[in-house]
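What follows is calculated from the coordinates using simple rules that are stated; it is not laboratory data. The structure displayed is predicted, hence computed values, not measured ones. Ideal geometry is used to build each Cβ from the backbone, glycine not excepted, and the neighbour counts take in all protein chains shown.
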């Protein structure tokens, strides 16, 4: 099976680090370049000592990011950069014929106006928005296969969209009145020195943030609206919890007259029975972050509450794997024609 040369721009952050880990062990991908301005000149082993046993870690050095150089080195480039910055590299790389998998929010939305509303600045490359494919493999697999620009979903959106989209498409829940509560580990904020994320500020503490309009709402509502074929507005409250990794989401949904224990179970089985990275829990089991951290798996469980007449759906994932880097590698596998689980199990 033919290998592909891959590069990572912004490889020193948390998502970048996980990308390095996944691509070093990938059977079909060859990691040929990693960039980081602050670590330029250092080897992988110096920046990430935990990879020191890998032979490439002592020879592969971080470089300054340069799109022209990267386009000559790699066939696929991962962008693990902040929003607004990723587009600066995506444009020349796509124009040079590279496949680009962007982990930022720069190409997740189809509307530049919506992007400006939620990210407070003009979109840096609106001409590419229509060319980008939303990189949620379970629903856009065929589109990913043909794309040069994949917009990998956010971690919160993944934890909400995977449980909700099948129900909306099947008409089992009402598109109005959706409430989502999510709890995320501190790594979701990225590797940065800010007071809110210092150990003494986070440890032994749980707090909401981004209320009432977290940035991820834009892509969540856009994707839910596409699934429901009608505009969807949800109430979303994210929380920071004192763990390194993991997201637990609880959805409160209004079932329609078509919803029953059997139709809900059938809906999820039809959607995910053959999906390698969605685990439907049975019996009394509930999603648990300890069972998904370090994996590309999203766990889903649900309960119908006869007292409140609500459907409660819960999910758990690793925000850095299925919520970021693992999902991006899953897209790499799809567009390359490799087994979808390559490097991820």
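Values computed for the structure shown
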{"read-out": "Förster radius 22 Å - calculated FRET efficiency between residue 37 and residue 96, Cβ distance, rounded to 0.05", "value": "0.55"}
{"read-out": "Rg/Rg_globular for segment 4-131, with Rg_globular taken as 2.2 N^0.38 Å and Rg from C-alpha atoms", "value": "1.08"}
{"read-out": "Euclidean distance of C-alpha centroids, segment 40-55 and segment 300-345, integer Å", "value": "30"}
{"read-out": "Range of Cα positions in the chain per principal axis (Å), largest first", "value": "62, 44, 41"}
{"read-out": "Principal-axis tilt of helix 14-24 within the chain, Cα atoms, nearest 10 degrees", "value": "70"}
{"read-out": "Where labels lie 7 Å past Cα in the beta-carbon direction, separation of residue 141 and residue 239 in nm", "value": "3.5"}
{"read-out": "Difference of contour (0.36 nm per residue) and Cα-Cα distance, residue 130 to residue 209", "value": "25.3 nm"}
{"read-out": "The chain: angle of helix 217-228 to the longest principal axis, Cα-based, in degrees nearest 10", "value": "60"}
{"read-out": "For segment 157-204 versus segment 240-281, the gap between their alpha-carbon centres in whole angstrom", "value": "14"}
{"read-out": "Normalised contact order of segment 239-340, rounded percent, pairs of Cα under 8 Å and 6 or more residues apart", "value": "31"}
{"read-out": "Potential extension, residue 68-residue 192 segment - 0.36 nm per residue separation minus Cα distance", "value": "41.9 nm"}
{"read-out": "Relative contact order [Cα under 8 Å, 6+ residues apart], segment 156-318, whole percent", "value": "30"}
{"read-out": "Helical contribution to [θ] at 222 nm, DSSP H n ≥ 4, -39,500 (n - 2.57), averaged over the chain, rounded to 500", "value": "-8500 deg cm²/dmol"}
{"read-out": "Average Cα contact separation per residue, the chain, under 8 Å, 6 or more apart, as relative contact order %", "value": "17"}
{"read-out": "Gaussian network model of the chain, Cα within-10 Å springs - most flexible of 181, 288, 196", "value": "196"}
{"read-out": "With Cα atoms, 0 to 90° folded angle of helix 155-169 axis to the chain main axis", "value": "40"}
{"read-out": "FRET efficiency for residue 288 and residue 261, using Cβ-Cβ distance with R0 set to 25 Å, rounded to 0.05", "value": "0.65"}
{"read-out": "Efficiency of FRET from Cβ geometry, residue 270 and residue 307, R₀ 41 Å, rounded to 0.05", "value": "0.90"}
{"read-out": "Segment 156-318 - Debye-derived log10 I(q)/I(0), Cα point model, q = 0.19, 0.21 Å⁻¹", "value": "-1.24, -1.45"}
